Amino acid sequence: MVSGGVSRAQILGLYRSLLRTARQFTDYNIREYTKRRAADGFRENRDLTDPSSISAAYSDGIAQLQVAKRQTVVYSLYASKIKSVMEMEMKMPPN
Amino acid sequence: MSYAMASKLVASALRRTLTRTNATYGVRRLSTSAMAAETETYDDAVTMKGVKIAARPLYLDMQATSPVDPRVLDAMLPYYLARFGNPHSRTHLFGWESEQAVETAREQVADLIGASPKEIVFTSGATESNNISVKGVMKFYKEKKRHVITTQTEHKCVLDSCRHLQQEGFEVTYLPVESDGIIDLEKLRSAIRPDTGLVSVMAVNNEIGVIQPMEEIGRICKEFNVPFHTDAAQALGKIPISVDKWNVSLMSLSGHKIYGPKGVGALYMRRRPRIRVEPQMNGGGQERGIRSGTVPTPLVVGFGAACQVAKNEMEYDDKRIKALQERLLNGIRAKLDGIVVNGSVEKRYAGNLNISFAYVEGESLLMGLKEVAVSSGSACTSASLEPSYVLRALGVDEDMAHTSIRFGIGRFTTEAEIDRAIELTVMQVEKLREMSPLYEMVKEGIDIKQIQWSQH
């Protein structure tokens, strides 16, 4: 199915790439934010029907993906030596 | 050697982005082992200020400063690399591309506050903008105007600029605030004199987060034809700002409170009717002579990008931050009694929750909350044990002013962090109250305010 020159497969591919890139952020807060913002962004635009607004949203998503891809590299280069307390929790048994 | 190390890091990072295996932890291990040669410990703990820190605390101090948004850093980096030109160089590409970037940023900043780019002057931050506004306006119009009105809860840099003016013979009225932190408009009206040269009231308070009635204050200033300055460092990007609705003549803005870089800010200066200031810094005449000194292109670009992201994200962030604030307040209230929110709850920016915990000593509470980065008030005064002058201006009792904690929630705060903050705060307060004889007496029904403490 093609909508506004952007196929459904392309949109789903973008979503998957964004989530995959988001998971690579070494910083806990940035990682969680990027995942959340991507999911919410796609949810907000789920009901778009106008082809031009679909392609505008798609190219905005592509631009965001490029930013995220560059920044995951920058973040990994300067990753903190100690983790956030929020990441330590995962290792501890739930109480 | 360091070059080899760096390229190894780049290679490992790139490999990770390409293979997308469980890379988050993989790369951390790789990068730390590569750096092990130059740092003594790398696996679990560092020692700072005598405290052994095994993990980075969760950050709830957004009023002090905010993390840089990756979108902002992404916009800035090119101007630290090949595009390093001086934006004032008129003879080559390096200057032109920098100038273009600075002007784009000027438009982005102006856009967020409903101003014209021509009305924006880049400065080093809100402190400098406040200094130019308060001192610059009064010194420019010193022949006729000898009086300034401000409030008791302003930021230190406004209050100190006013003190400076007093030493030079100007008069200053420090308006009191009500117990909710909001000024009384009638008191403002009656404080205005024929020789009043400036009214300066901050939009969102840095310590307690209350929002002053900007439109009403602007209307009163217009009525008396007095220039109105506001310190909007804590308001920018968080509440909708319109310089025309507020009728401000001058407005101070800051980059690092809105996920931008530190060391950059702006001053909005109205063109119609024109407000003029005496420069506080003299030199090459940059920024129309109001703020000489080379404009720092990367910082300004970052500030502009932060404004643009803030404009796009304001609604989304606000909804989230409100929900998180509610979660935090309800979570603490459900488990603890004797807590008071300082400042108005309704007329408040949700990202700032300033709470006092009765029968607890504030410094012990902050020390106990090692895993939560919070502050008792402004970062500027966090070194002193004095209770905050803002809380005292609200009429908060000395003992309650001593136990305040400011929780600052932001764009990158998660629900899990809020839940953890609730858990740790409740645990710490309960522990301290258990030790407190005062709390025991209160539980027995003794009103501690009635006790006559004997003098020794």
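The values are calculated or read from the model by the stated rules, or taken from the named source; none is laboratory data. Every value quoted in this text rests on a predicted model; they were computed, and no experiment measured them. Note that we place each Cβ from the backbone using ideal geometry, even for glycine, and neighbour counts take in every protein chain shown. Please note that ligands, DNA and RNA were not included when accessible areas were found on the heavy atoms of the full protein model with its side chains. Shrake-Rupley method; radii C 1.70, N 1.55, O 1.52, S 1.80 Å.
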Inset, instruction - Sort out which residues of the stretch A:76-85 are open to solvent by 10 Å² or more (accessible area, probe 1.4 Å) and within 7 Å of chain B (Cβ to nearest Cβ), and write them in order of number. - result: A:L77, A:A79, A:S80, A:K81, A:I82, A:K83, A:S84
Legend entry - helices (runs of 4 or more DSSP H) contained entirely in the stretch B:48-145, each with at least 2 residues that are within 14 Å of another protein chain (Cβ to nearest Cβ): B:70-76
Legend entry - Residues located in the stretch A:19-73, provided they are among the basic types (K, R) and not in a helix (DSSP H, G or I): A:R23, A:R46
Inset, instruction - Output yes when any residue across the stretch B:433-447 is under 24 Å from the mean Cα position of the chain (by Cα) and polar (S, T, N, Q), and no when none is. - result: no
Inset, instruction - Can you tell me which residue within the stretch A:38-47, out of those that are under 14 Å from A:D60 (Cα atoms) and open to solvent by 60 Å² or more (accessible area, probe 1.4 Å), is nearest to the other protein chains (Cβ to nearest Cβ)? - result: A:E44
Inset, instruction - Determine, yes or no, whether B:E386 is at pLDDT below 95, more than 14 Å from chain A (Cβ to nearest Cβ), out of contact with any strand residue (DSSP E or B) (no Cβ under 7 Å at 6 or more places or on another chain) and not in a loop (DSSP other than H, G, I, E, B). - result: no
Legend entry - Test for B:A350: is it at pLDDT 95 or above, more than 14 Å from every other protein chain (Cβ to nearest Cβ) and assigned to a loop (DSSP other than H, G, I, E, B): yes
Inset, instruction - State which residue is farthest from the other protein chains (Cβ to nearest Cβ) when the search covers only the stretch B:399-417 and only residues that are within 30 Å of B:K449 (Cβ to Cβ) and open to solvent by less than 10 Å² (accessible area, probe 1.4 Å). - result: B:A401
Inset, instruction - Being charged (D, E, K, R) and surrounded by 14 or more Cβ atoms within 10 Å (Cβ to Cβ) is the filter here, so list the residues in the stretch B:432-456 that pass it. - result: B:R433
Inset, instruction - Give the number of residues within the stretch B:144-194 that are closer than 17 Å to B:A233 by Cβ, open to solvent by 60 Å² or more (accessible area, probe 1.4 Å) and touching a residue at least 24 places away in the same chain (Cβ under 8 Å). - result: 1
Inset, instruction - Sort through B:L77, B:L93, B:L73, B:L60 and tell me the only one that's within 26 Å of A:R31 (Cα to Cα) and surrounded by fewer than 17 Cβ atoms within 10 Å (Cβ to Cβ). - result: B:L77
Inset, instruction - Could you pull out the residue among B:T65, B:T123, B:T39 that is at pLDDT below 95 and among the polar types (S, T, N, Q)? - result: B:T39
Inset, instruction - Looking only at the stretch A:8-23, decide whether some residue is in contact with a Pro (Cβ under 9 Å, 6 or more places away or on another chain), modelled with pLDDT under 95 and more than 7 Å from every other protein chain (Cβ to nearest Cβ). - result: no
Legend entry - Members of the stretch A:14-37 found to be closer than 9 Å to A:A68 by Cβ and either surrounded by 22 or more Cβ atoms within 10 Å (Cβ to Cβ) or of a type outside the set (G, A, S) (or both), listed by number: A:L18, A:T21, A:Q24, A:F25, A:T34
Legend entry - Filter result for B:R276 (surrounded by fewer than 17 Cβ atoms within 10 Å (Cβ to Cβ), assigned to a loop (DSSP other than H, G, I, E, B), in contact with a strand residue (DSSP E or B) (Cβ under 9 Å, 6 or more places away or on another chain) and at pLDDT 95 or above): yes
